[in-house]
Amino acid sequence: MTREPSEPAARSAAARVTTALIGDSQTWRVGPRVLSTGGRSAPQEAHYPSIGWANWTNAALGAALSIVANIAQPGKRADEVRAEQVPAIVTMPVAPALCCAYVGINDVAQGRTASVIIRDLDAIFAELGSAGIQVAAATVMATASLTLSQKNEMHTVNAWLKRQSQSRVGFILIDWAAQLADVAGDPVSAFYVDGVHPTPAGAARMGAIAAAALGPFVPWSGDSSFPDDRPKPFIGSSELRAGRAGPGVAGTVAPGWTVSAEHGTADVEASVLPREDGRAGEWQRLRIRDGAVRAEAGPVSATAGQTWEAAVEIETDGVALGSLSRLALHVEVRGSEQVLSCLGPDPEVPTGEGEPHHDIPHRMVLRTPPLLLAEGAHSLVLRLQAFGGTGDGAIRIGRVALVRIG
């Protein structure tokens, strides 16, 4: 007899929720990454994760999710996820508190019947539940190639998934299907690169839906990245050197920062604003009229064998649709070829007919995974990049931490 997780109690706002991701190519390689530059000036394979739905979700939740495993693989069906991925999750030395699963579209596309898919999904959820892991599962999204018969099987699976949120204790439903389809149930072309995988705007929509579904169970946790009792240094604090404005930037730069154009020219207006929320520090406001900008802090001394992580608090202030194209947080490890990345939301507005949908969170936290510094490491530089522009709006950078944790 399997054991479902008990009804989750309200979690502390300071707690991060250990989370595993399973599924197929929709989830493969999303989330923060530790990359190698391979001797280049920029990390390889850096862009793909920036369009992943999990980055959007976690940023909107204040980095409340600590993603401890992502073992999703392209092309996997529900029976393969059950046989290969679920055992790996339930046998982890410390089981995650939450497992997010997007499973089923490959089954539908390969002609498996709804009853067979449901049997496998039911087993996946029961096996995770028996290990005390809370389950969040997404409805199956249509793809451009599905036949009418396959769509009917998909609708049957989705109807069953929706019933689980009523009958299965602790089950969280992420209902992607309806909100990324048109009135006929077909995928909205602007949300998909190839009729299957999301564009940046599609991933943004998926992330916003997931964050709304998880929010009651995983409340905003942004403050946990910046508690006053964490080890120093806190980059951007008044203890550091005076701020510096580089080429293409006019105005005032907060202490600890250098703000300059990224990849050529830029037209950026910088200003420092007081916080009005009772928290220490101030906002670095950047209005990017044109081009791309980098805000850089450091270097901070570090040595091989130490473990570090970084986080940045960001708010958007009236950013217009289609203006800001990407945010990215990197920590460059000087002396080695490591780059610690939490590539942020990539809110590119889709082209095509109809009103574009856009899901830029008003406030977000980007937080990296821990990084064990490799041989040769001698210092760290934190870099926040913003590409495209903010129109009449701006981004505000608040608390930023670059912290040794081991």
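We did not get these values from a lab; they are worked out from the coordinates using the rules stated. Quick caveat, the model's predicted, so the values are computed rather than measured. Glycine also receives a Cβ, built like all others from the backbone with ideal geometry; neighbour counts cover every protein chain displayed.
Exposure proxy for 378, 263: other Cβ atoms within 10 Å of each Cβ, ordered fewest to most, give 263, 378. Here 28, 56 are placed in order of increasing Cβ neighbour count within 10 Å, fewest first, which gives 28, 56. Which residue, chosen from 208, 102, 142, occupies the Cα position most advanced towards the positive end of the dipole of region 17-222, where the dipole is computed from +1 (Lys, Arg) and -1 (Asp, Glu) charges on Cβ about the Cα centre? Of the listed residues, the answer is 208.
Residue separation of residue 244 and residue 363 scaled by 0.36 nm, minus their Cα-Cα distance, works out to 40.3 nm of gained length. For residue 306, the amide hydrogen comes within under 5 Å of the amide hydrogens of 373, counting only partners 5 or more places away or on other chains and with H modelled in the peptide plane. Computed from the Cβ-Cβ distance with R0 of 41 Å, the FRET efficiency linking residue 189 to residue 276 stands at 0.45. Charges were assigned to the Cβ only: +1 to each Lys and Arg, -1 to each Asp and Glu. The resulting dipole of region 17-222 about its Cα centre is roughly 260 debye. Footprinting exposure proxy ranking of 148, 372, fewest other C-beta atoms within 10 angstrom first, gives 148, 372.
Computed from phi, the 3J(HN,Hα) profile of region 154-162 under the Karplus parametrisation 6.51, -1.76, 1.60 (θ = phi - 60°) reads 4, 4, 5, 4, 5, 4, 5, 4, 5 Hz, with x in place of Gly and Pro.
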